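Structure first, then comments.
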Amino acid sequence: MIIQLQQGIPDQLLEVILQEVKGIGFKANEVKTQEAHYIVGIGKKDFDIRTLGQLPGVADIHRVSDEYKLISRKWRVNPTLIDLGDGVVIGEGNFSIMAGPCSIESERQIELVVEHLKANEVKVMRGGVFKPRSSPYAFRGLGIDGLKMFHRICRENGIKIITEVMQVSQIEDMVDYVDVFQVGARNSQNFNLLDALGEAQKPVLLKRGISGTLEELLQAAEYIFSNGNEKIMLCERGIRSYENAYRNVLDLNAVPVLKAKTHLPVIVDPSHGIGLRDHVEPMSLAAVMAGADGVIYETHQKPEEAFSDGQQTVNFQESERLIRRMRQAFELRESF
Ligand code: PEP
Ligand code: MN
């Protein structure tokens, strides 16, 4: 059960509601986010919802049978919109394109990508400065100095930043320089990181784990929300299978299924999803048609020279065509 409390509820009224919830045999979890104040009641007992609903201080109450509660569409029917400022809003009704290199490599590289994004009216640049790599000898990113440079150039050009955070201790150093924190597939169930991002108050793009189920992804998002941060988007980035003709299996089934289960925006990452640059475009277009609220993909001025993930990175010419076609596909989808 979820109880949304009235704004600024006095402590005595809150205490009465908490006691009532406990009285019917439920565990009462208090959740305060940047948007509202809730009690999430966990329990199985049957009860008359009206006894709680009529208490002073209760704004709204719902039974939610899913394991995840606050991110469920059973609780909130209206889709969540994430406002990054300057007119950049992510969520249903908009189609958000986020693009950039796998890794931030140099000042020149950032400038070239920014120029390409601006020419195509793309408002969000991706790029990792802390890179999770399979080999400890591979390039692991420019770190916080790279992020500061990334931030300076993007700010000068009106571009928002999405970049991966790998551990709790990085959040404090990064928070002033990011617009969206990315949680990578390898950290999708790093619950300490999710807890901390709940308190960080900046929007989070949460990737599905390498072998993660949708239920696990949704529960991971519930960690962030229940720690105080409602600004979450989910990202399908492919799951591991026995097939090795491509890097991962981009699970586009996840898009309509997630959108039915949660009010959070759903973004697709075709670059990691298929791992082959020649096939990023058809999978991106398929993602649009499947109902994605946005696509995040890798582009670089010279993909063959990229420090990481070059094999799945498109060049600027390909990127330009991809952007144009995704927008056409989105218009077509909206016209149905
Ligand atoms: C990335 O976005 O470059 C990345 C490492 O993604 P993932 O966590 O999906 O592998
Ligand atoms: Mn990558």
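Condition test on L264, is it surrounded by 24 or more Cβ atoms within 10 Å (Cβ to Cβ), of a type in the set (A, V, I, L, M, F, W, C) and part of a loop (DSSP other than H, G, I, E, B)?
Details: surrounded by 24 or more Cβ atoms within 10 Å (Cβ to Cβ): yes; of a type in the set (A, V, I, L, M, F, W, C): yes; part of a loop (DSSP other than H, G, I, E, B): yes.
It is true that L264 is surrounded by 24 or more Cβ atoms within 10 Å (Cβ to Cβ), of a type in the set (A, V, I, L, M, F, W, C) and part of a loop (DSSP other than H, G, I, E, B).
Per the listing E216, E230, E236, E222, the residue uniquely in the same structural domain as D179 (by TED's automatic domain parsing) and over 20 Å from P79 (Cβ atoms) is E216.
Residues that are open to solvent by 10 Å² or more (accessible area, probe 1.4 Å) and outside any helix (DSSP H, G or I) within the range 98-117 comprise E105, S106, listed in sequence order.
From the list A245, A254, which one is touching a residue at least 40 places away in the same chain (Cβ under 8 Å), in the same structural domain as Q317 (by TED's automatic domain parsing) and more than 16 Å from ligand 2 (Cβ to nearest atom)?
Working: A245 fails: touching a residue at least 40 places away in the same chain (Cβ under 8 Å).
So the residue among A245, A254 that is touching a residue at least 40 places away in the same chain (Cβ under 8 Å), in the same structural domain as Q317 (by TED's automatic domain parsing) and more than 16 Å from ligand 2 (Cβ to nearest atom) is A254.
Residue count for the range 311-320 satisfying the condition of being more than 12 Å from ligand 1 (Cβ to nearest atom) and either small (G, A, S) or under 17 Å from I110 (Cβ atoms) (or both): 3.
Quick check on this structure: which one of Q189, Q219 is in a loop (DSSP other than H, G, I, E, B) and either over 19 Å from L70 (Cβ atoms) or in contact with an Asp or Glu (Cβ under 8 Å, 6 or more places away or on another chain) (or both)? Let's see the steps before the verdict.
On the way: Q219 fails: in a loop (DSSP other than H, G, I, E, B).
Unique residue meeting the criteria: Q189.
Could you tell me which of the residues G100, G87 is within 13 Å of K160 (Cα to Cα), of a type in the set (G, A, S) and more than 16 Å from ligand 1 (Cβ to nearest atom)?
Values: G100 fails: more than 16 Å from ligand 1 (Cβ to nearest atom).
Going through G100, G87 in turn, just one is within 13 Å of K160 (Cα to Cα), of a type in the set (G, A, S) and more than 16 Å from ligand 1 (Cβ to nearest atom): G87.
Got at least one residue in the range 236-243 being buried (at least 19 other Cβ atoms within 10 Å of the Cβ), within 11 Å of ligand 1 (Cβ to nearest atom), in a strand (DSSP E or B) and not β-branched (V, I, T)? Checked against the condition, which is being buried (at least 19 other Cβ atoms within 10 Å of the Cβ), within 11 Å of ligand 1 (Cβ to nearest atom), in a strand (DSSP E or B) and not β-branched (V, I, T), the range 236-243 yields at least one hit.
Checking S226, S271 one by one, the residue that is open to solvent by 40 Å² or more (accessible area, probe 1.4 Å), touching a strand residue (DSSP E or B) at 6+ places or on another chain (Cβ under 7 Å) and at pLDDT 95 or above is S226 and no other. For the range 209-218, the count of residues that are open to solvent by less than 60 Å² (accessible area, probe 1.4 Å), within 16 Å of ligand 2 (Cβ to nearest atom) and in contact with a Gly (Cβ under 9 Å, 6 or more places away or on another chain) is at least one.
The values are calculated or read from the model by the stated rules, or taken from the named source; none is laboratory data. From a predicted model like this one, the values you see are computed outputs, not experimental measurements. So basically every Cβ, Gly included, is an ideal-geometry build from the backbone, and we count neighbours across all protein chains shown. With ligands, DNA and RNA removed, areas are computed over all heavy atoms of the protein, side chains included. Shrake-Rupley method; radii C 1.70, N 1.55, O 1.52, S 1.80 Å.
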